[in-house]
Amino acid sequence: MAALVCRNAGGATVVPRPRPRPRPAAKVPGGGGVGGRRESDSRAAADADAEAHKSPPQHPRASITMSKLGRHYLAMCPVGDQHVVGIVLSILGLMATLAVLGIGIGEASEALESIQINWMFFLLGWGAAWGCYESLKEPRRESWATWFELICILLAFVGDILLVPYYFLSNGEVPELRYVNTATNERLIRMCPSLKSFKQTCWLQNPFFSFWVMVVRERFWRDRYQREYLIAQDGGRIALDWYTHDDGLRPNLSDETPILLLISTLVGGPMSYPNGKTLHQFAETGRYRSVCYVKRGCGIQRPNPYVTSKFWCLSDYEDLTMAVDHIHERYPHAPIVAVGVSTGGGQLRNYLARTGKFSKIRAGIVVDAGYNWNACVESMDKRLPIMSHAMAQFIGNSMVEFSQLHPKEAARFDLTPKKLRSISTMHDMILHCMAPTNGFPGKPLEYMHYSHPADPGPLDRPLLQFFTMNDMIICQDDIRSGENYPIANPNIINVTTKRGTHVIRWEGFTASKCWISQVALEFCDAILGETPNGKTDSFPVARIEEEVKRQQKMGVTECHGYGSSEDDSDKENRSTKTVK
């Protein structure tokens, strides 16, 4: 019988996969006699129905382990961190107390000044101890809705700075894996050695500081792409950015070369750091042709401007299906693997679930995508009002230019520049922009229900999902709500880390290595190395490497493309296709 496996620092815990329990018969209204029930029978039926909806029974020993490690994460903090907390609190607290008690006897003015100085040291000492505690506690605080929570967040940043030497010398962590122990899953995990450990860059432990560093790095990202436009039936336009080399030339790969399709972040494109890093790492191996899917009006550094007043949709099923079909039509013999980052991860999960066994994507990797759109939006508006405002402005600003150039078209949905700039929360963005332009005017809840990701039951492709309890944008409750997804579908593997942050898992002192990209590359190599009969051949690595070496000896003869800088000649080289 298949079982759910939870691997972490404590080893592997196997939980028997529960069998479905039959629900009790439906309650028949009425009194006693034939066709009716007495009041005691009704209570018994209600109790039986409530019992049936409880979580399925588990092995007693495994249930305790799962409760600590999987559901409540009470044992996520390593023993070493707990010792550090105690040592830091003891030393700093003792120093602060001795400083207060060490007031010398002297003149009144000198004593008063000494008291003030020592109390300052007292507060600084306990503030540093509190900051170290907030830095090391698992899971971290994820809200700054109140002044107390904001103070704790700031003290955690202080603790992250003070503990840089400790994080530098520590051994990192062992990610938690949740999957059903089938032969295929065991083989895939065995072929992904990077899953054994993860160590976040020592000076980037703070999630907000890491996010700021990522935004700064995006300004210096200089990869080159060739853009291809696709026109939908409603006149909307999406873009496919094909990766090229630094010299602006696309390598002469064969038509059977596997394709990496990256589904971008909220409003990002190939120049956004988490997207570009993955595209770069896959393409530079010479074994993949990388392409980035850019939604309507998205792509910050290299925008794909709106041509109609319809916003992109959270589910984005129609546009994404059009892009996948076009890629498959262009390269019918090339297997397609997909990586969805943040919002793009939810859209990829939705696509795989809705297409099922007819999916043209061979395997998927989802990075930090929530399960419930509505819950994630409401939680972020409450917990992180400043970040919610910034994300809403990112989305609104992409529509401002269109509303200025086409005021009559934008007036259909009252999308004036003033209104777009006044939006302050993600809920307001959905209410005033996304819901109306997607056919749900004044009905944000109906729109969120419409765009909610499909049930993962029909999903028929291997799916690797990354999460971190230090995400901040995706709330911890939403992450925990998906812990049993591998039970619902054995094709799903969940990987959860304690450190890192939203779409960021950096390793190395200079943060030059992306752990997510490395694991995704190993996972895709493992998937493409599996033939239909279950055996592993040399297709994704050996055969393509031989082809690359052969091309290098012959020299590149047929290449085309252009760089990230656009001029009139570049625009003429783009190809556009209308899909009906």
Some residue of segment 134-145 being out of contact with any helix residue (DSSP H, G or I) (no Cβ under 8 Å at 6 or more places or on another chain), open to solvent by 30 Å² or more (accessible area, probe 1.4 Å) and of a type outside the set (D, E, K, R): no
Residue within segment 286-296 that is under 25 Å from Lys360 (Cβ atoms), among the basic types (Lys, Arg) and in contact with a Gly (Cβ under 7 Å, 6 or more places away or on another chain) present: yes
Test: residue in segment 187-195 that is polar (S, T, N, Q) and surrounded by fewer than 19 Cβ atoms within 10 Å (Cβ to Cβ): yes
Test: residue in segment 359-380 that is free of Cβ contacts under 8 Å to residues at least 40 places away in the same chain, surrounded by fewer than 21 Cβ atoms within 10 Å (Cβ to Cβ) and not aliphatic (A, V, I, L, M): yes
Segment 448-459 residues that are over 11 Å from Asn350 (Cβ atoms), paired with ones that are open to solvent by less than 40 Å² (accessible area, probe 1.4 Å) and assigned to a loop (DSSP other than H, G, I, E, B) (beta carbon under 7 Å, 6 or more apart): Gly457/Asn489
Selection status of Asp414, more than 22 Å from the chain's Cα centre (by Cα), more than 24 Å from Met322 (Cα to Cα) and surrounded by fewer than 16 Cβ atoms within 10 Å (Cβ to Cβ): yes
Residue in segment 488-497 that is open to solvent by 10 Å² or more (accessible area, probe 1.4 Å), of a type in the set (A, V, I, L, M) and without any contact (Cβ under 8 Å) to a residue 40 or more places away in the chain present: yes
Considering residues of segment 274-286 that are in contact (Cβ under 8 Å) with a residue 24 or more places away in the chain and open to solvent by 30 Å² or more (accessible area, probe 1.4 Å) only, the residue farthest from Cys433 (Cα to Cα): Thr285
Qualifying residue in segment 445-457 (condition: under 19 Å from Val339 (Cα atoms), at pLDDT 90 or above and open to solvent by less than 40 Å² (accessible area, probe 1.4 Å)): no
Among (1) in contact with a Gly (Cβ under 8 Å, 6 or more places away or on another chain); (2) in a strand (DSSP E or B) - the single one Asp478 does not satisfy: (2)
Residue selected from segment 484-515 under the condition β-branched (Val, Ile, Thr) and not in a loop (DSSP other than H, G, I, E, B), by the criterion farthest from Asn470 (Cα to Cα): Ile487
Residues located in segment 289-303, provided they are outside any loop (DSSP other than H, G, I, E, B) and open to solvent by 10 Å² or more (accessible area, probe 1.4 Å): Arg289
Residue within segment 316-332 that is among the aliphatic types (A, V, I, L, M) and open to solvent by 10 Å² or more (accessible area, probe 1.4 Å) present: yes
Check on Glu142, in contact (Cβ under 8 Å) with a residue 60 or more places away in the chain, farther than 30 Å from Pro462 by Cα and not aliphatic (A, V, I, L, M): yes
Conditions (1) more than 19 Å from Ala363 (Cα to Cα); (2) outside any loop (DSSP other than H, G, I, E, B); (3) not acidic (Asp, Glu): number failed by Tyr306: (2)
Where a residue in segment 184-208 is in contact (Cβ under 8 Å) with a residue 40 or more places away in the chain and its partner, wherever it lies, is of a type in the set (Ser, Thr, Tyr) and buried (at least 21 other Cβ atoms within 10 Å of the Cβ), with Cβ under 6 Å and at least six apart: Asn185/Tyr179; Phe198/Thr497; Leu204/Ser210; Pro207/Thr501
Pick from segment 210-256, criterion of a type in the set (Lys, Arg) and modelled with pLDDT of 90 or more, ranking: surrounded by the most Cβ atoms within 10 Å (Cβ to Cβ): Arg227
Residues being of a type outside the set (A, V, I, L, M, F, W, C) and open to solvent by 10 Å² or more (accessible area, probe 1.4 Å) - total across segment 168-186: 8
Residues of segment 196-209 satisfying the condition of being farther than 26 Å from Gly131 by Cβ and either open to solvent by less than 10 Å² (accessible area, probe 1.4 Å) or basic (Lys, Arg) (or both): Lys196
Failed item in (1) open to solvent by less than 60 Å² (accessible area, probe 1.4 Å); (2) without any contact (Cβ under 8 Å) to a residue 60 or more places away in the chain; (3) in contact with a helix residue (DSSP H, G or I) (Cβ under 9 Å, 6 or more places away or on another chain), with Phe402 passing the rest: (2)
Search result, residues across segment 498-516 that are open to solvent by 10 Å² or more (accessible area, probe 1.4 Å) and basic (Lys, Arg): Lys498, Arg499, Lys513
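So that you can scan it fast, the table gives a plain yes or no per residue for (1) at pLDDT 55 or above; (2) within 30 Å of Lys498 (Cα to Cα); (3) of a type in the set (S, T, N, Q):
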site: Met95; (1), (2), (3): yes, no, no
site: Trp126; (1), (2), (3): yes, yes, no
site: Trp130; (1), (2), (3): yes, yes, no
site: Leu136; (1), (2), (3): yes, yes, no
site: Pro139; (1), (2), (3): yes, yes, no
site: Thr146; (1), (2), (3): yes, yes, yes
Test result for Ala390, open to solvent by 20 Å² or more (accessible area, probe 1.4 Å) and of a type in the set (A, V, I, L, M, F, W, C): yes
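The values are calculated or read from the model by the stated rules, or taken from the named source; none is laboratory data. Being a predicted model, the structure only gives us computed values, none of them experimental. Every residue, glycine among them, receives a Cβ derived from its backbone with ideal geometry; neighbour counts consider all protein chains shown. To get the accessible areas, we keep the full protein, side chains included, count just its heavy atoms, and leave off ligands, DNA and RNA. Shrake-Rupley method; radii C 1.70, N 1.55, O 1.52, S 1.80 Å.
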